[in-house]
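These notes are about the structure you will find just below.
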Amino acid sequence: MLHLYMERIAPLSERSNSVSHDSAAPAVASDVSSGEPVPAKKDRPGAKLAAILVGVPAVLIVMLMAFLLPTLNSGAHNLPLGVSGPAQVADQVVAALDEQSPDAFEVTTFDSAADARDAVLNREQIGAISIGESGVSIVIASGAGTPYAPLLKQVGAGLEAAGQTVTYDDVAPLTEEDPTGSAIAVLGLPLVFGGNISAILLITLLKNYPRLRLVGGVLMSVTGGVATAAVMQYGLGVIDGNFALTAAALSLGIAAIGMTLQGLHNLWGMAGLGVAGVLLLFLANPLGGLATGPWWLPAPWGAIGQILPIGAAGTAVRSAAFFDGAGGSTAFIVLGCWAVIGFLLSAFISRHKSRKTAALSAAVIPETVAA
């Protein structure tokens, strides 16, 4: 009897020993495709801490340099200025400008005062000086940026001191409610906030619905742009121009930021959001030239800022609000490219991930059923 009892409990003891050994063994992941065990990755908190200690100061330095360097080196350098009038008199004016402010202006001569004025209206020049029989007419465009009209008025004051009669023609005046043009200067924060918040909300709330995220990104960009334009033009009266173009510029600006965030998140996860934050906030914002336009920034940073969303959005909004869209075509194209690239990244990567997940599920289900 004892012998039979021992034979019955032996398999149970072996099974319990097997279970205890399995539970004590380290967790090992298995590769679904091959079935082979994959060793678990070791956690390295020390390396993570070191990366944080090095990475955060590096980002702070980059941000500081991005904001300070353009500010410290900004000013009147090779500003495009038109001059028209009799050749001899125009040459005297150009020589006087060079003597008074060397390298401040890059002068282009025009055959007539009308041609010079059109160049300012088309945003090819920051202003124009036309010399005629009745005196000097200085064409300014206050809507082009905050520093240019005061600078040209200083030039006019010098000409008046030399005995010339000077008149001013503001072809793109600011509104009475915003005589300093500060509204567009602070437009970067609403653009970044609108693009970032919309993208983060869609990523968080519609995590498992990639198509709805895309549709939501487009719709939020349109509604955000239209609402912002309506408040600025009809609510506050700080701009007064083509409302449809202004709303389109703001919508494209929000879409360029929001869709890029969605695309980079789909591509690299949380690291993609970090890259987008550095690119769109720390670099695009100080290089955007929202208050001054690109000409006031040192080369080549002004040009670089115009291929980033915030700088392009500022130029597009200024062109729409004060110049009836003139000079804004390149900015609209840049914003459209950012928005389309972000949309495509979101669409195709989400589709690829969905197919990969479906393939993995199809591989796992037969094995589960067989087991």
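The values are calculated or read from the model by the stated rules, or taken from the named source; none is laboratory data. These figures come from a predicted structure and were not determined experimentally. For neighbour counting, all protein chains shown are included, and Cβ atoms are generated from backbone atoms with ideal geometry for every residue, glycine included.
In segment 85-134, which residues are within 33 Å of the chain's Cα centre (by Cα) and at pLDDT below 90?
Passing the criteria: only ASP103.
Across segment 318-332, which residue is farthest from the chain's Cα centre (by Cα) among those that are surrounded by fewer than 23 Cβ atoms within 10 Å (Cβ to Cβ) and of a type in the set (Ser, Thr, Tyr)?
SER329
Matching residues to (1) among the hydrophobic types (A, V, I, L, M, F, W, C); (2) within 21 Å of PHE322 (Cβ to Cβ):
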residue: SER182; (1), (2): no, yes
residue: GLY188; (1), (2): no, yes
residue: LEU191; (1), (2): yes, yes
residue: ASN196; (1), (2): no, no
residue: VAL218; (1), (2): yes, no
residue: GLY224; (1), (2): no, no
residue: LEU236; (1), (2): yes, yes
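Inspect all residues belonging to segment 259-269 and state whether any of them is touching a Ser or Thr at 6+ places or on another chain (Cβ under 9 Å), free of Cβ contacts under 8 Å to residues at least 40 places away in the same chain and of a type outside the set (Val, Ile, Thr).
Looking for residues that are touching a Ser or Thr at 6+ places or on another chain (Cβ under 9 Å), free of Cβ contacts under 8 Å to residues at least 40 places away in the same chain and of a type outside the set (Val, Ile, Thr), one finds none in segment 259-269, hence no.
Which number in (1) within 14 Å of the chain's Cα centre (by Cα); (2) in contact (Cβ under 8 Å) with a residue 24 or more places away in the chain marks the one condition that VAL218 misses?
Looking at each condition in turn, VAL218 falls short on (1).
Which residues, counting only those in segment 240-284, are surrounded by fewer than 18 Cβ atoms within 10 Å (Cβ to Cβ), assigned to a helix (DSSP H, G or I) and among the small types (Gly, Ala, Ser)?
Listed by number, the residues that qualify are ALA244, ALA271, GLY274, GLY277.
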